[in-house]
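**Q** This is the structure I have questions about; it appears just below.
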Amino acid sequence: MSERRPLVAGNWKMNKTGVEARETVARLRALLGDGELPVDVAVCPPATALEATARAASGSHIRVYAQAVHEKASGAHTGEISAAMIAATGADGTLIGHSERRAAGETDDQVAARVRAALDGGLSVILCCGESLEQREAGETEEWLAGQVRAGLADVAADEVGRLAIAYEPIWAIGTGRTATPEIAQEACAHVRSVAAGTLDGAALRVLYGGSVTPDTAGELMSQPDIDGALVGGASLDPEAFAAIVRGA
Ligand code: 13P
């Protein structure tokens, strides 16, 4: 058993309006109850629903994270939002470097700058990394993950570990129903931790697994020694399924 407090986060991606987000959070609050939970819980709505979600989650155990942040404070960056804008909605943090954003052009340098901007803006960060199927089959997984983790942590200070988590999300497991086996996920998360330990206290860092996590697979994944929670996509849209994953952590 690790001493790290697990974190279960739901990435809603491009789903839910403000009204739908409010309904989802209300249901989640009812399912999770008001008592102390042994895990941290977060949801990541689209930017348009951040404020409604934060308001609906206010006074609960549920934390709210954006899905992305821009590194600049303001200016001519059409469609982007800053760390201060996210914080002003009442949200607590942000995802950075999700593979769906990287596929749309987000670079390692931008990821590093965005991690720095988010931390400077008072936000917590879940930094995402993960390899493609081609990279795994070519035996390049470790090298690829090391590169993404080192780049993402380039401007992070050791004492910021408490506001940072890293999510290992193999691209081949995202939205495919092909969950990584607990052994594969454990091996990759241990590797991510050991690389991150070059920058900060690896033993204090939370490393999450993401990729087709369901209530059926979550428990065994999260019981691995180096897996401290989950970043859940599709299953997090349904409050019943997400609450079941939280309870399994
Ligand atoms: P799925 O759980 O839908 O595979 O998505 C995982 C993910 O990308 C979370 O960020």
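The values are calculated or read from the model by the stated rules, or taken from the named source; none is laboratory data. Small disclaimer: the values here were computed from a predicted structure and weren't measured. Neighbour counts run over all protein chains shown; Cβ positions are idealised from the backbone, glycine included.
**Q** Looking at 183, 106, 140, 169, can you tell me which residue is more than 27 Å from residue 63 (Cβ to Cβ) and touching a helix residue (DSSP H, G or I) at 6+ places or on another chain (Cβ under 9 Å)?
**A** None of the other options fit; the residue is 140.
**Q** Tell me, which strands (runs of 3 or more DSSP E) lie completely within the stretch 152-234 with 3 or more residues that are of a type outside the set (Asp, Glu) and farther than 30 Å from residue 117 by Cβ? Outline the logic, then answer.
**A** Details: elements: 164-168, 206-210, 229-232.
Result: empty, no element qualifies.
**Q** Now for a different question. If residue 144 satisfies every condition in (1) more than 20 Å from residue 236 (Cβ to Cβ); (2) more than 14 Å from the ligand (Cβ to nearest atom); (3) buried (at least 19 other Cβ atoms within 10 Å of the Cβ) but one, which is the exception?
**A** (3)
**Q** Test residue 247 against the stated conditions and say whether it is outside any strand (DSSP E or B) and at pLDDT below 95.
**A** The answer is yes for residue 247.
**Q** Please verify whether the stretch 191-206 includes one or more residues that are over 21 Å from residue 40 (Cβ atoms), out of contact with any helix residue (DSSP H, G or I) (no Cβ under 6 Å at 6 or more places or on another chain) and without any contact (Cβ under 8 Å) to a residue 12 or more places away in the chain.
**A** Within the stretch 191-206 (the criterion being over 21 Å from residue 40 (Cβ atoms), out of contact with any helix residue (DSSP H, G or I) (no Cβ under 6 Å at 6 or more places or on another chain) and without any contact (Cβ under 8 Å) to a residue 12 or more places away in the chain), the answer is yes, since at least one residue qualifies.
**Q** Determine which single condition residue 39 fails, assuming it passes every other condition in (1) closer than 21 Å to residue 245 by Cα; (2) within 16 Å of the ligand (Cβ to nearest atom).
**A** Just one mismatch for residue 39, condition (2).
**Q** Taking helices (runs of 4 or more DSSP H) that do not extend beyond the stretch 55-134, which have at least 3 residues that are at pLDDT 95 or above, buried (at least 18 other Cβ atoms within 10 Å of the Cβ) and not acidic (Asp, Glu)?
**A** In the stretch 55-134, 83-88, 108-120 are the helices (runs of 4 or more DSSP H) which contain 3 or more residues that are at pLDDT 95 or above, buried (at least 18 other Cβ atoms within 10 Å of the Cβ) and not acidic (Asp, Glu).
**Q** Please state which of the following conditions residue 153 fails to meet, knowing it meets all the rest: (1) within 16 Å of the ligand (Cβ to nearest atom); (2) in contact with a Ser or Thr (Cβ under 7 Å, 6 or more places away or on another chain); (3) more than 20 Å from residue 38 (Cβ to Cβ).
**A** Residue 153 satisfies all of (1) within 16 Å of the ligand (Cβ to nearest atom); (2) in contact with a Ser or Thr (Cβ under 7 Å, 6 or more places away or on another chain); (3) more than 20 Å from residue 38 (Cβ to Cβ) except (1).
**Q** Consider residue 227 against the criteria (1) away from the ligand (no atom under 15 Å from the Cβ); (2) of a type in the set (A, V, I, L, M); (3) without any contact (Cβ under 8 Å) to a residue 60 or more places away in the chain: it satisfies all of them except one. Which criterion is unmet?
**A** (1)
**Q** Would you confirm, using the coordinates I've provided, whether residue 24 is more than 16 Å from the ligand (Cβ to nearest atom), of a type in the set (S, T, N, Q), part of a helix (DSSP H, G or I) and more than 14 Å from the chain's Cα centre (by Cα)?
**A** no
**Q** Can you find even one residue in the stretch 42-54 that is closer than 30 Å to residue 149 by Cα and part of a loop (DSSP other than H, G, I, E, B)?
**A** The answer is yes, given that some residue of the stretch 42-54 is closer than 30 Å to residue 149 by Cα and part of a loop (DSSP other than H, G, I, E, B).
**Q** When the residues of the stretch 190-217 are narrowed to those that are near the ligand (Cβ under 10 Å from one of its atoms) and of a type in the set (A, V, I, L, M, F, W, C), which ends up nearest to residue 177 (Cα to Cα)?
**A** 213
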